[in-house]
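What follows is one structure encoded as structure tokens, with my remarks underneath.
The values are calculated or read from the model by the stated rules, or taken from the named source; none is laboratory data. Quick caveat, the model's predicted, so the values are computed rather than measured. Cβ atoms come from the backbone with ideal geometry, glycine included; neighbour counts cover every protein chain shown. Remember, those area values only see protein heavy atoms, side chains included, never the ligands or the DNA or RNA. Shrake-Rupley method; radii C 1.70, N 1.55, O 1.52, S 1.80 Å.
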Amino acid sequence: MATQTKPVLHGYFRSSCSWRVRIAFALKGIEYDQVPVNLIKDGGQQLTEQYKTLNPMQQVPAVEIDGFTLSQSLAVIQYIDETRPGPCLLPADPKARAQVRMISDLIASGIQPLQNLYVIQKIGAEKVQWAQHFIDRGFQALEPILKQTAGKYCVGDEISMADICLVPQVYNAERFKVDVGQFPTIKRLNQTLLEIEAFRASHPSHQPDTPADLRA
């Protein structure tokens, strides 16, 4: 699909959902503009009425692309996969494609929402233990699945949407002091993926809105 303007990603440097979209753009070689939405500053810039017009859930990301706005990172990833050239982010084989979607949904629905900023702010003093519990619980399920599906990457030997979801979730796990070493398949895949330029360039430590003390 030919486009006249670059997509615009409204996101936050440390948002795993924003990071997923950055990885997908990088893998596809898509140039895009970024508009930072600081989830902490001013009580949360995602909570403004102006931003609510872009994403009624008042979450990041929101992506302006091809004349309309998309929220929900997996929807964005699948849209650009279906409309842009470059490496396929969902396999052609129906079984492998279902496995990619299963892993992606496990992370994007079963782990990440339970430890995102909005939720842990509501938890209060127990927020670290809460996040650790739900990440550990999710990884206990994810590890045996990946043992069955993984080759070099999460599903076989081609990078997919599952890998795009995995790396930001491992980053979150490490932020909350989860021992990733107890999940050897997850740890191996994450280390392999972080060697790839698209994952490195899109890392939270390299974004326009990354605070100086968190820059790599």
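What lysines sit close enough to Lys122 to cross-link, taking a C-alpha to C-alpha distance under 29 Å and skipping anything fewer than 8 places away on the same chain? Qualifying lysines at Cα under 29 Å: Lys41, Lys52, Lys177.
The Cα-based radius of gyration and maximum Cα-Cα distance (Dmax) for region 8-87 are 12.3, 39 Å.
Loop-located GluC sites (Glu not before Pro) across region 1-65 with a Cβ neighbour count of 12 or fewer within 10 Å are Glu31, with loop assigned by DSSP. Taking all protein chains as they are arranged and a probe of 1.4 Å, the heavy atoms of Lys152 leave approximately 110 Å² accessible to solvent. Computed with a 1.4 Å probe over protein heavy atoms only, the accessible surface of region 8-87 comes to 45 Å² per residue.
In sequence order, region 27-38 has phi-based couplings of 4, 7, x, 8, 7, 8, 9, 10, 10, x, 10, 7 Hz under the Karplus curve 6.51 cos²θ - 1.76 cosθ + 1.60, θ = phi - 60°, and Gly or Pro positions carry x.
Seen from Gln99, the other residues with C-beta closer than 14 Å to its C-beta sum to a net charge of -1, counting Lys and Arg as +1 and Asp and Glu as -1.
Solvent-accessible area assigned to carbon and sulfur over the chain amounts to 52 percent, based on a 1.4 Å probe. Please report, to two decimal places, log10 I(q)/I(0) for region 94-200 at q = 0.14, 0.15, 0.16, 0.21 Å⁻¹ as given by the Debye formula with identical point scatterers on the Cα atoms and no solvent. With one equal scatterer per Cα and no solvent, log10 I(q)/I(0) is -0.51, -0.59, -0.66, -1.08. Between Tyr12 and Ser18, Val37, the built amide H atoms are under 5 Å apart, and every one of these is 5 or more places off in sequence or on another chain. Its Kirkwood hydrodynamic radius, worked out from the mean inverse distance over all distinct Cα pairs, puts region 1-152 at 16.9 Å.
Which one of Gly44, Pro113, Ile196 has its Cα pushed farthest toward the positive end of the charge dipole of the chain, where Lys and Arg give +1 and Asp and Glu give -1 at the Cβ? The listed residue farthest towards the positive side: Pro113.
Could you give the dipole magnitude of the chain about its Cα centre, charging the beta-carbon of Lys and Arg +1 and that of Asp and Glu -1, in debye to the nearest 20?
Magnitude of the dipole: close to 360 debye.
Taking amide hydrogens as placed 1.01 Å from N in the peptide plane, the amide H of Gly156 sits under 5 Å from those of Ala150, Gly151, each at least 5 positions away in sequence or on another chain. Computed with a 1.4 Å probe over protein heavy atoms only, the accessible surface of region 94-200 comes to 49 Å² per residue. Residues in region 177-184 carry Karplus couplings, in order, of 6, 6, 7, 5, x, 7, 10, x Hz; the curve used is 6.51 cos²θ - 1.76 cosθ + 1.60 with θ = phi - 60°, and Gly or Pro positions show x. At an R0 of 25 angstrom, the distance between the Cβ atoms of Leu47 and Glu126 translates into a FRET efficiency of 0.60. Under 5 Å between amide hydrogens, built in the peptide plane, is the criterion, and for Gln34 it picks out Leu9 among residues at least 5 positions away or on other chains.
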